[in-house]
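The values are calculated or read from the model by the stated rules, or taken from the named source; none is laboratory data. Quantities reported herein were computed from a predicted structural model and do not represent experimental measurements. Backbone-built Cβ (ideal geometry, glycine too); neighbour counts: all protein chains shown.
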Amino acid sequence: MSTSGFVAEKDKREGWNRPPVIEPDGEGELLEVSMGPHHPSTHGVFRMDVALDGERVIRLKPVFGYLHRNHEKIAEGISYLGSMPFTDRLDYLCPLTNNWAYALAVEKLTGQAVPERAEYLRVIVGELTRVQNHASSIGFLIQEMGASGTPLMYAFKAREKILDLFEELTGARMMCNYMRFGGCRVDATADWLAVTRKVVEELPGFVDEFERLLRGNEILMARTQGVGILRPELAVNAGVTGPMLRASGVNYDIRKVDGYGVYNRFKFRVPLGDHWDVFDRFMIRLLEMRESIKILEQALKDIPGGPVMDAKAKLRGFRPKPGEAYGRIESPKGELGFYLISDGGPNPYRYRVRPPSLINLTVLEDMALGQNVADVVLIFGSVDIILGEVDR
Amino acid sequence: MAVDEGLKIELGKQGVLVTTIEELYNWGRKNSVWPMQFGLACCAIEMIATTMARYDLARFGAEVFRPSPRQADLMIISGTVTKKMAPQVVRLYNQMAEPRYVIAMGACAISGGPFKEGYNVLKGIDRYIPVDVHIPGCPPRPEALIQAFMLLQKKIDGQHLTGPDRPRFLDAEAQGEFPVPVQGEHDLEPASNPGVWTVPVVIR
Amino acid sequence: MKTVEEIRAAIEAALPGAGVEIVSNPSVSGQHSLRLRPSHAVAVAKFLRDDAELALDFLSNATGVDWPDKEVTEKVKVTRTVRKTVDGVEQDAEETVEEARKRVEPGCLEAVYHLFSVARGHGPVVIRMKTVNRTDQVELPSLTPVWRSAEFQEREIFDLYGIVFSGHPDLRRLLMWEGFKDHPMRRDYVEPDDFEYEPTAHDEVLKRAVAHQAKQEAAGTVAGAAGVGSGVAAGREGKGAGA
Ligand code: SF4
């Protein structure tokens with residue numbers, strides 16, 4: 001990496017960042033396939049218009065919007081706090097990190113401080129979310145390879161344990177609605193922390209088991225290695241973030257770069273890939289689970305006492321001064337950002353979600369062109385998207 | 001037709017099985033309801049959780065999720081149906097073979113739920129296709145989905161093969177194909193299927 | 001990282017006449033932005049990306065904002081001459097009065113981009129562009145050739161706000177279906193009236209349901225006097241008929 005950034009380094013011909021043009025070999029006809037919106041292997045309602053030359057993909061156009069639920073429009077008509085439960089439903093595998101990103105953006109807008117204990121609780125629930133998201137996403141990825149059920153069952157075994165923790169803390173398994181501007185809604189009891197420590201103690205065992213089950217598997221290696229390569233320059237230029245970007249070898253983790261919350265107090269490493277393929281993305285997620293467990297151990301050890309809501313925090317009758325703010329966090333999928341414009345009223349004037357899932361899909365075509373159609377599903381699975389966030 | 005329960009048990013002790021075609025038929029059907037592998041939104045994650053080891057939907061004979069609508073008996077509408085997706089949902093339902101059932105899982109499938117105000121959100125799937133079981137919740141817990149399965153099994157068990165109240169698939173006159181809505185310039189056309197759903201009067 | 005003033009100076013030094021304005025942000029976030037002239041936007045964007053010191057190689061977020069025409073009422077001091085009779089003599093006198101004047105501030109559509117640097121780890125730098133109006137002159141240059149991540153986001157802006165990005169390689173609707181006519185994120189978008197049945201209406205939804213009912217009654221399609229009981233019964237029958 002040079003000082004002049006990722007893009008300037010490589011050749012700057014016009015169109016270097018466009019998908020390559022793949023010529024059909026001229027034998028036989030092209031086959032146009034519409035994969036989705038109900039396709040058994042997609043993560044939800046997502047469609048790809050694919051043109052095939054034999055088995056080879058020569059064109060791929062994703063089609064979105066089948067889950068466009070108008071989150072932004074609705075949020076502009078209700079109060080700031082009213083949008084908090086809606087953020088749960090964006091990336092519905094990781095509601096707590098969504099809460100966090102939104103709370104962070106509003107705190108940026110108003111300059112609201114957050115007490116220490118709340119910051120630690122945010123880290124704890126955020127990293128638990130990351131562990132369960134990565135486990136599930138690996139499970140889904142393998143499911144899309146055709147290993148129906150088993151790896152997903154392992155993933156959900158760990159997930160259910162974490163969901164039980166969420167349920168005890170927040171009252172809901174999935175839609176937690178836990179964070180507030182200036183803290184967290186409820187405090188964790190000593191019991192909850194004790195149980196969490198126990199669950200976290202068991203997590204390395206789960207990751208080991210999961211890894212032993214999958215990593216050495218010959219079929220998995222044969223199908224994922226060298227498939228769906230994403231060059232780092234393109235990844236940066238296309239706004240790819242999260243494990244996807246790090247699997248392409250770019251060291252960019254917002255937890256390290258921005259150090260939001262109390263992340264700069266913890267010791268953890270940022271795993272990077274060096275083959276840039278589907279296998280690397282799978283491995284990065286496994287390794288990130290281990291790093292998350294490390295953070296969890298530290299956070300659970302050092303969590304201080306005190307309030308979980310800032311005394312000056314205002315929830316009702318909340319009217320930020322006019323202005324705008326962009327706040328972002330490292331969600332399990334990538335950079336999740338919220339962009340808010342206030343006109344001084346009780347509702348945001350503009351409320352925008354920067355969805356990592358959607359933007360990571362920009363390069364789907366580049367990765368899939370020239371590959372076999374069976375691998376497209378795999379490449380798609382390795383992006384790890386949730387449709388609620390793609391379409392909002 | 002009905003065999004006295006006591007007599008049945010008595011005969012059973014002697015190794016004689018007495019039943020009716022209807023009972024046998026419904027018994028077989030209700031214990032092998034195969035859902036379609038079809039997830040729409042957040043509720044789909046809870047549906048997946050239901051099929052996993054902890055909640056184990058296999059106990060109800062419903063663990064075989066079929067990717068193709070032709071092989072499925074049950075459609076679980078697990079999430080928000082948007083106006084962009086609604087025609088496809090109706091089309092998939094049309095492709096399913098009778099007897100077929102629908103569970104509307106979650107607030108969104110029932111009425112639009114939290115996203116009801118959205119311009120692209122369908123305010124309840126029962127505007128286009130008949131729904132057998134509604135389960136409220138956002139998302140409904142896996143236990144609630146299991147409850148829905150049990151309700152559906154009860155419903156299947158109670159269906160008569162003959163008579164005026166026989167189910168749709170045994171009624172040659174009944175509506176089998178449901179019109180697929182068209183995406184218009186501003187909205188779906190028509191906004192609902194009058195054969196399935198009549199607009200009730202707003203209660204004020 | 002450089003401040004917006006320094007960035008503006010750097011741009012002006014490299015591309016004289018780019019006409020970059022600073023839009024200050026009164027919020028505590030302190031994220032001030034740079035307004036680019038559409039005619040120079042692509043050149044400035046390339047400079048921001050390739051400049052060794054800024055190296056803004058990562059476009060994170062691109063979004064639209066709708067600013068509809070605004071009617072502003074302002075008090076203006078007006079001085080005028082009036083004829084007055086002072087001491088029996090008519091004479092002209094100057095008089096200053098306050099007058100409320102209404103003025104329509106023309107609206108526009110705006111595209112906002114948030115840039116970061118992966119190589120140097122700084123950001124955000126916010127850049128924005130404005131269209132001339134909201135109706136017929138809604139073109140802006142696309143930044144997709146510079147940053148690929150704008151591709152889907154600009155399509156989304158085109159879909160929801162109706163900004164036409166010239167130079168975009170594949171400008172189609174992203175979220176709504178082809179053949180949809182409106183731009184739903186605009187403030188004056190009229191939603192389809194599909195709130196005919198509200199079992200648990202409240203707040204906004206209740207208002208719309210009542211408005212819908214009133215419209216139906218005015219059109220004479222629904223008997224307004226239908227009782228509560230019959231309404232519920234109709235709903236049940238409707239569902240039963242299909243099952
Ligand atoms: S009911 Fe709730 S959980 Fe289910 S799809 Fe709708 S918003 Fe998601």
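Scan A:GLY323, A:GLY337 and give me the residue that is within 14 Å of chain C (Cβ to nearest Cβ), within 17 Å of the chain's Cα centre (by Cα) and either of a type in the set (S, T, N, Q) or more than 16 Å from the ligand (Cβ to nearest atom) (or both).
A:GLY337
Select from region B:145-181 the residues that are β-branched (Val, Ile, Thr) and modelled with pLDDT under 85 and list them in ascending order.
Matches in region B:145-181: B:THR162 only.
Can you give me the number of residues within region A:156-202 that are within 16 Å of the ligand (Cβ to nearest atom) and at positive phi?
2
Given the structure, is A:ILE329 crowded, with 24+ Cβ neighbours inside 10 Å and within 14 Å of another protein chain (Cβ to nearest Cβ)?
Considered against the rule, which asks whether it is crowded, with 24+ Cβ neighbours inside 10 Å and within 14 Å of another protein chain (Cβ to nearest Cβ), A:ILE329 comes out as yes.
Considering only residues of region B:41-77 that are assigned to a helix (DSSP H, G or I) and of a type in the set (Ser, Thr, Tyr), which is farthest from B:VAL121 (Cα to Cα)?
B:THR51
On the given criteria, is B:MET75 within 16 Å of the ligand (Cβ to nearest atom) and more than 7 Å from chain A (Cβ to nearest Cβ)?
So B:MET75 passes the test.
Of all residues in region A:49-103 being over 18 Å from A:VAL125 (Cα atoms) and polar (S, T, N, Q), which is nearest to the other protein chains (Cβ to nearest Cβ)?
A:ASN70
Only one of these conditions is not met by A:THR189: (1) at pLDDT 90 or above; (2) loosely packed, with under 15 Cβ neighbours inside 10 Å; (3) within 30 Å of A:LYS312 (Cα to Cα). Which number is it?
The number of the failed condition is (1).
Considering each of A:ALA247, A:ALA299, A:ALA235 in turn, give the residue that is touching a Lys or Arg at 6+ places or on another chain (Cβ under 7 Å) and crowded, with 23+ Cβ neighbours inside 10 Å.
A:ALA247
Could you pull out the residue among A:GLU144, A:GLU168 that is closer than 30 Å to B:GLU63 by Cα, over 23 Å from the mean Cα position of the chain (by Cα) and touching a residue at least 12 places away in the same chain (Cβ under 8 Å)?
When all the criteria are applied, what remains is A:GLU168.
Do we find that C:ALA111 is small (Gly, Ala, Ser) and surrounded by fewer than 23 Cβ atoms within 10 Å (Cβ to Cβ) in this structure?
For C:ALA111, the condition - small (Gly, Ala, Ser) and surrounded by fewer than 23 Cβ atoms within 10 Å (Cβ to Cβ) - is not met.
Looking for something at the interface with chain C (Cβ under 8 Å from one of its Cβ atoms) and more than 21 Å from B:GLY106 (Cβ to Cβ) - is there at least one such residue anywhere in region B:150-158?
No, every residue in region B:150-158 fails to be at the interface with chain C (Cβ under 8 Å from one of its Cβ atoms) and more than 21 Å from B:GLY106 (Cβ to Cβ).
What number of residues within region A:203-231 satisfy the criterion of being in contact (Cβ under 8 Å) with a residue 40 or more places away in the chain and either assigned to a helix (DSSP H, G or I) or over 21 Å from the mean Cα position of the chain (by Cα) (or both)?
Of the residues in region A:203-231, 18 are in contact (Cβ under 8 Å) with a residue 40 or more places away in the chain and either assigned to a helix (DSSP H, G or I) or over 21 Å from the mean Cα position of the chain (by Cα) (or both).
Can you name the residue in region B:107-133 that is within 17 Å of B:MET36 (Cα to Cα) and within 13 Å of the ligand (Cβ to nearest atom) and is also surrounded by the fewest Cβ atoms within 10 Å (Cβ to Cβ) among such residues?
It comes out as B:ILE125.
For the condition in contact (Cβ under 8 Å) with a residue 12 or more places away in the chain, acidic (Asp, Glu) and touching a helix residue (DSSP H, G or I) at 6+ places or on another chain (Cβ under 7 Å), what is the one hit in A:ASP53, A:ASP25, A:ASP91?
Result: A:ASP91 is the single residue among A:ASP53, A:ASP25, A:ASP91 that is in contact (Cβ under 8 Å) with a residue 12 or more places away in the chain, acidic (Asp, Glu) and touching a helix residue (DSSP H, G or I) at 6+ places or on another chain (Cβ under 7 Å).
Looking at region C:137-154, can you tell me whether even one residue there is under 20 Å from A:GLU72 (Cα atoms), at the interface with chain A (Cβ under 8 Å from one of its Cβ atoms) and among the acidic types (Asp, Glu)?
So far as region C:137-154 goes, yes, one or more of its residues are under 20 Å from A:GLU72 (Cα atoms), at the interface with chain A (Cβ under 8 Å from one of its Cβ atoms) and among the acidic types (Asp, Glu).
Considering only region C:1-81, give the strands (runs of 3 or more DSSP E) lying wholly within it that have at least 2 residues that are more than 14 Å from C:ILE127 (Cβ to Cβ) and either among the hydrophobic types (A, V, I, L, M, F, W, C) or in contact with a helix residue (DSSP H, G or I) (Cβ under 9 Å, 6 or more places away or on another chain) (or both).
So the answer is C:58-67.
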